[in-house]
Amino acid sequence: MFKEMLENVRERCPLIHNITNYVTVNDCANILLACGGSPIMSDDIGEVEDITSICGGLNINIGTLNSRTIPAMLAAGKKANELGHPVLLDPVGAGASALRTDTALKLLDEVKFTVIRGNISEIKTLAAGSGTTKGVDADSADRVDEENLERVCDFVKSFAAKIGAVIAVTGAIDIVADGEKAYCIFNGHPMMSCVTGTGCQLSAMTAAYVTANPENVLEAAAAAVCVMGVCGEIAHERLSERDGNSSYRNYIIDAVYNLSGGILEKRARYKVL
Amino acid sequence: MFKEMLENVRERCPLIHNITNYVTVNDCANILLACGGSPIMSDDIGEVEDITSICGGLNINIGTLNSRTIPAMLAAGKKANELGHPVLLDPVGAGASALRTDTALKLLDEVKFTVIRGNISEIKTLAAGSGTTKGVDADSADRVDEENLERVCDFVKSFAAKIGAVIAVTGAIDIVADGEKAYCIFNGHPMMSCVTGTGCQLSAMTAAYVTANPENVLEAAAAAVCVMGVCGEIAHERLSERDGNSSYRNYIIDAVYNLSGGILEKRARYKVL
Amino acid sequence: MFKEMLENVRERCPLIHNITNYVTVNDCANILLACGGSPIMSDDIGEVEDITSICGGLNINIGTLNSRTIPAMLAAGKKANELGHPVLLDPVGAGASALRTDTALKLLDEVKFTVIRGNISEIKTLAAGSGTTKGVDADSADRVDEENLERVCDFVKSFAAKIGAVIAVTGAIDIVADGEKAYCIFNGHPMMSCVTGTGCQLSAMTAAYVTANPENVLEAAAAAVCVMGVCGEIAHERLSERDGNSSYRNYIIDAVYNLSGGILEKRARYKVL
């Protein structure tokens, strides 16, 4: 199943419009190319509708949002909705400032999202309509583990049902759910949190996966999350004694570039709840 | 010939003012350092004239252009013209949105460029005064190959003559021409298109080459294009089985850092039409 | 001593708010993670006070400053002062444009800084209240060497005393001083100047060091400078024949990730004047 998703990305080469932060944007572009998609970045209100129109999907990431880019996010999102393009939201740091929380909620209100991907603290903030998070990382109090997994899955499913989007909550265990079904994915490596923007990269790649697999949005999003986790493992196995988080960043993207559907199927570790 | 161009860059260490996109800017800075130049990035209307004045050349790249940076591009371009500094235009995505096409045309209208570097679709858009492109990559319909090479060279030469600039069209075969003479360069590797920003990097490096070789703009631009292609080949030869596009990015810049004039001459593959 | 500073960063994991340039921001985020800190980037006036409030320290870097971000720098700096958070200034390119010089001086006037880190030309510009620099690199006329070291130390100490901040002047020899005491640090490698943003990265890391060691600001800043130099050496020892400045960039961050307090103490080369 995930194999087919991966191969569709490589065959269909989805062009993804990214309105994203300037911290991790280069890695987002390279991971899109690595997975078989094609990136274009554009955030000016004067062109985002044009750019979205020539693309297949839209990835909105609110890291380093500002007064100039917020209206562009809304305009692009509405245009993509009008055209029936998949739209992904990455609510980076929702809960860390009123501007981020309010912007994420406004986007949810005015744009219909296909997928929302964030850490558990960000997703809780969106579900509650308010919240506080420690910067751009999940609060440890919100940690998802084997013990609370079912309860968190129920929460994610119910929020997914409420807003009519697939929700991807990533962390030590990842949960990708619509209103009915949740994929709990156990791939990945803790050292991924030492690389800036692995979440942003995953969001960009997820946008490519759902754009290339419009008939299977839930499975496509789960496949993308699984790809990231598997590649985090493959890259970690490659680390030499002197390698650190910077080489690890490169190796993760390299692994995405080299990943085959067969390896993905073989290494995927998940259950459906 | 190309050897001398390369050595002049390393000796003269041209300081290049870049108004460029936030996607590939870090790689542009590192490739400028790798080739022997020195980068400074600045895009605020309040300082671009000052910054251009202390530099030797200017590189204007319209990727992620916005309402704040467009006037800065125009002001810096005019200042550089006034000072007699070489100015390069990279019309990223011209044809992909009205804003990009219009901005590129406005820049062409108000600023005298020394070199314009783009893919064939972008250059056709500039020449036609309008156009549509698939994002930031060349349309496959526009592909330059052995069969249409002479015809494309004639087009590039005639556009170069019309606007009085050297035009560098990069792709599987690169064409660098003024009104009289075209270098057709066969170096490079297809995998370079899997690394974001190799075009932007080349533009930055070309600005350094023409700034360090003002008496030979055509040959300097051709040398820079050849350096990029040769380094794409050298870097590709270095790839191990687990390397992908992210390591490839690093290896290309590394190759530029280590390239000698002798190796460049030895590996350059081109003909003059 | 430096060992303890390093270990405090790893234990306390300081969250650092960065208002910084889009050229080197990704490397700043990754080096913060490498040293044991945690980064958040935010530059909109609508949220910088919120973001600064949830962080432990603030790093203001004026590279690619603009009309939108300058007021955000001032607002964040004042908020951090109000909260008693350490604030670091990196006056990138002060002296290269009136906007940069004026902005740096305005920041010095309205915000109380804990540490200022720059090259000797930038620091001289701040001390003189005006100046000219060749882009973002130090003028060779300003070079610090064994011969003028004492004289430069006296200048740095006296400027540090005057503004009540620790001053870190980095170059071939680094000087980190308050009004009383100067650490002269001899670690590092000349090739570090071929990697864009090693200064920006050091500033971000220094902000983490002083935030995790508030009781020892001078020693913490000196430790951070020493870490960067030692890691530049370790990374250089790792370079293979085909590696260049791009791999070097990765290896420096990798070395920061792997550095232990023991190795730092063993390799640190400094004297106190």
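The values are calculated or read from the model by the stated rules, or taken from the named source; none is laboratory data. Because the structure is predicted, anything quoted here is derived from the model rather than measured. Note that each Cβ is placed from the backbone with ideal geometry, even for glycine, and that neighbours are counted across all protein chains shown. Note: areas computed on protein heavy atoms with side chains; ligands, DNA, RNA excluded. Shrake-Rupley method; radii C 1.70, N 1.55, O 1.52, S 1.80 Å.
Numbers for the structure displayed
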item	result
Hey, B:Ala75 hydrophobic (A, V, I, L, M, F, W, C), farther than 28 Å from A:Thr24 by Cβ and surrounded by fewer than 24 Cβ atoms within 10 Å (Cβ to Cβ) or not	yes
Residue check, A:Glu237 more than 25 Å from A:Ile120 (Cβ to Cβ), more than 14 Å from every other protein chain (Cβ to nearest Cβ), part of a helix (DSSP H, G or I) and not polar (S, T, N, Q)	no
Flag for B:Cys226 being over 24 Å from A:Arg249 (Cβ atoms) and either of a type outside the set (S, T, N, Q) or in contact with a helix residue (DSSP H, G or I) (Cβ under 6 Å, 6 or more places away or on another chain) (or both)	yes
Considering residues of the stretch B:1-13 that are open to solvent by 10 Å² or more (accessible area, probe 1.4 Å) and not aliphatic (A, V, I, L, M) only, the residue farthest from the other protein chains (Cβ to nearest Cβ)	B:Glu4
Matching residues, the stretch B:233-269, being open to solvent by less than 20 Å² (accessible area, probe 1.4 Å), over 23 Å from B:Ser38 (Cβ atoms) and among the polar types (S, T, N, Q)	B:Asn245, B:Ser246, B:Ser247
Residue that is farthest from the other protein chains (Cβ to nearest Cβ) [pool: residues in the stretch C:149-191 that are surrounded by 24 or more Cβ atoms within 10 Å (Cβ to Cβ) and in a helix (DSSP H, G or I)]	C:Ala160
The stretch A:20-32 - residue that is among the aliphatic types (A, V, I, L, M) and either facing another protein chain (nearest Cβ under 7 Å) or without any contact (Cβ under 8 Å) to a residue 40 or more places away in the chain (or both) and, of those, surrounded by the most Cβ atoms within 10 Å (Cβ to Cβ)	A:Val25
Within the stretch B:240-269, tally of residues that are of a type in the set (A, V, I, L, M), facing chain C (nearest Cβ under 9 Å) and free of Cβ contacts under 8 Å to residues at least 60 places away in the same chain	1
Selection status of B:Ala221, touching a strand residue (DSSP E or B) at 6+ places or on another chain (Cβ under 9 Å) and closer than 20 Å to C:Asn245 by Cβ	no
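So that you can scan it fast, the table gives a plain yes or no per residue for (1) open to solvent by less than 10 Å² (accessible area, probe 1.4 Å); (2) within 14 Å of another protein chain (Cβ to nearest Cβ); (3) part of a helix (DSSP H, G or I); (4) among the basic types (Lys, Arg):
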residue	(1), (2), (3), (4)
B:Asn216	no, no, yes, no
B:Ala221	yes, no, yes, no
B:Cys231	yes, yes, yes, no
B:Lys271	no, no, no, yes
